[in-house]
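Visitor: Below are the structure tokens for one structure; questions will follow.
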Amino acid sequence: MIIDCHVHLNHYGDESVRTLDRTLEQFQLAMRRNRIDQALVLTSYMATQARPSTREMVHALRDIPYLKVVAGLDYLNFGPNDLGELADYVRDGKVKGLKLYPGYQPFYPSDPKWRPAYEFAAEHRIPVMIHTGDTYTPKGKLKYAHPLHVDEVAVDFPEVNFVICHIGNPWIRDCMEVVYKNANVYTDISGLTLGAFEDRFEAYMRKQVQEMLLYGVEPDSVLFGTDWPIASVESYIEFMEELAIPARDKRKILAENSIELYGLDPRDSLFQTRRGT
Ligand SMILES: [Zn+2]
């Protein structure tokens with residue numbers, strides 16, 4: 001079983017055209033081809049025609065049980081009122097987490113503005129995913145996106161589970177330490193490449209992930225994600241296949257950890273044929 005915990009149904013480039021129908025279809029095709037059972041779709045910190053809002057996304061995916069939503073929050077416009085609507089989606093089981101985008105937006109995870117969001121996550125028992133590392137756009141400010149900043153909120157909100165996205169790349173060692181130290185911190189391996197991995201870079205990154213597991217990061221704390229459409233699903237599957245770790249750990253990373261962390265139902269698989277009710 002494979003669960004991709006980090007996908008976007010956005011189109012980057014011309015943002016004036018509505019693209020959701022097309023990206024959804026393309027991603028479902030990629031799932032089918034690569035035997036991805038379930039995926040979590042992360043909405044952006046801003047909504048445009050090419051980046052659907054959480055409301056639009058929940059609506060578009062309402063009849064697709066194998067696609068759930070992680071709600072991106074907008075630092076500049078966030079108000080506790082946003083959480084009212086999200087509470088309904090969480091209760092309905094469609095929204096499975098929150099996502100913050102430091103670096104893309106100018107804030108540290110410990111910014112007091114997020115306190116209601118962390119309390120919400122604790123109350124509803126959903127994880128908070130935090131962008132870390134390189135930003136796709138040169139307009140991002142990297143100091144905010146350093147994985148070390150996740151340590152502070154992990155300590156201050158011990159009842160909340162956090163996900164350091166992209167293993168903090170290139171600050172992988174710093175990410176390793178924060179995950180190693182805090183039982184409530186996980187990391188996903190998404191977005192390590194643009195498109196397909198180039199051979200030498202793939203070998204380099206595989207070594208980094210192997211080292212991370214060797215260092216003391218438990219395989220229980222690592223999640224499989226791609227960051228599609230930025231990275232290709234095919235090349236990520238190949239990356240995982242060639243990772244030199246025990247099969248048992250691979251199963252955890254590919255699916256079991258996400259099922260546990262996000263409270264997913266393994267029966268909500270693209271390949272599950274459901275009969276009757
Ligand atoms: Zn992403």
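Visitor: Test SER258 against the stated conditions and say whether it is touching a helix residue (DSSP H, G or I) at 6+ places or on another chain (Cβ under 6 Å), surrounded by 22 or more Cβ atoms within 10 Å (Cβ to Cβ) and of a type in the set (Ser, Thr, Tyr).
Guide: Values: touching a helix residue (DSSP H, G or I) at 6+ places or on another chain (Cβ under 6 Å): no; surrounded by 22 or more Cβ atoms within 10 Å (Cβ to Cβ): yes; of a type in the set (Ser, Thr, Tyr): yes.
Criteria not met by SER258.
Visitor: Within the set of pairs 6 or more residues apart or between chains, which connect a residue that is basic (Lys, Arg) inside the stretch 166-189 to a residue that is within 16 Å of the ligand (Cβ to nearest atom) and assigned to a loop (DSSP other than H, G, I, E, B) with Cβ atoms less than 6 Å apart?
Guide: Pairs found: none.
Visitor: From the list LEU20, LEU29, LEU61, LEU86, exactly one residue is among the aliphatic types (A, V, I, L, M), more than 16 Å from the ligand (Cβ to nearest atom) and closer than 24 Å to PHE107 by Cα. Which is it? Before you say what the answer is, go through the steps one by one.
Guide: On the way: LEU20 fails: closer than 24 Å to PHE107 by Cα; LEU29 fails: closer than 24 Å to PHE107 by Cα; LEU61 fails: closer than 24 Å to PHE107 by Cα.
Checking each option against the conditions leaves just LEU86.
Visitor: Regarding the stretch 24-47, can at least one residue be identified that is over 23 Å from HIS131 (Cα atoms), surrounded by fewer than 24 Cβ atoms within 10 Å (Cβ to Cβ), free of Cβ contacts under 8 Å to residues at least 40 places away in the same chain and not charged (D, E, K, R)?
Guide: yes
Visitor: OK, next. Quick check on this structure: which one of ASP4, ASP37 is more than 16 Å from the ligand (Cβ to nearest atom), acidic (Asp, Glu) and closer than 27 Å to THR187 by Cβ?
Guide: Selected residue: ASP37, the only one of ASP4, ASP37 that is more than 16 Å from the ligand (Cβ to nearest atom), acidic (Asp, Glu) and closer than 27 Å to THR187 by Cβ.
Visitor: Just checking, how many residues over the stretch 185-204 are surrounded by 14 or more Cβ atoms within 10 Å (Cβ to Cβ) and within 16 Å of the ligand (Cβ to nearest atom)?
Guide: Filtering the stretch 185-204 down to residues surrounded by 14 or more Cβ atoms within 10 Å (Cβ to Cβ) leaves 185-193, 196-197, 202.
Pick out the ones that are also within 16 Å of the ligand (Cβ to nearest atom) and you get 186-193.
Within the stretch 185-204, residues that are surrounded by 14 or more Cβ atoms within 10 Å (Cβ to Cβ) and within 16 Å of the ligand (Cβ to nearest atom) number 8.
Visitor: Right, another one. Considering each residue of the stretch 211-229, count those that are crowded, with 19+ Cβ neighbours inside 10 Å and within 16 Å of the ligand (Cβ to nearest atom), and give that number.
Guide: The first filter runs over the stretch 211-229 and keeps only residues crowded, with 19+ Cβ neighbours inside 10 Å, leaving 212-213, 217, 221-228.
Cutting the leftovers down to within 16 Å of the ligand (Cβ to nearest atom) gives us 223-228.
Here the count works out to 6.
Bear in mind that the values in this text are calculations on the coordinates, not laboratory data. In this text, all values refer to a predicted model and were calculated from it rather than measured experimentally. Neighbour counts run over all protein chains shown; Cβ positions are idealised from the backbone, glycine included.
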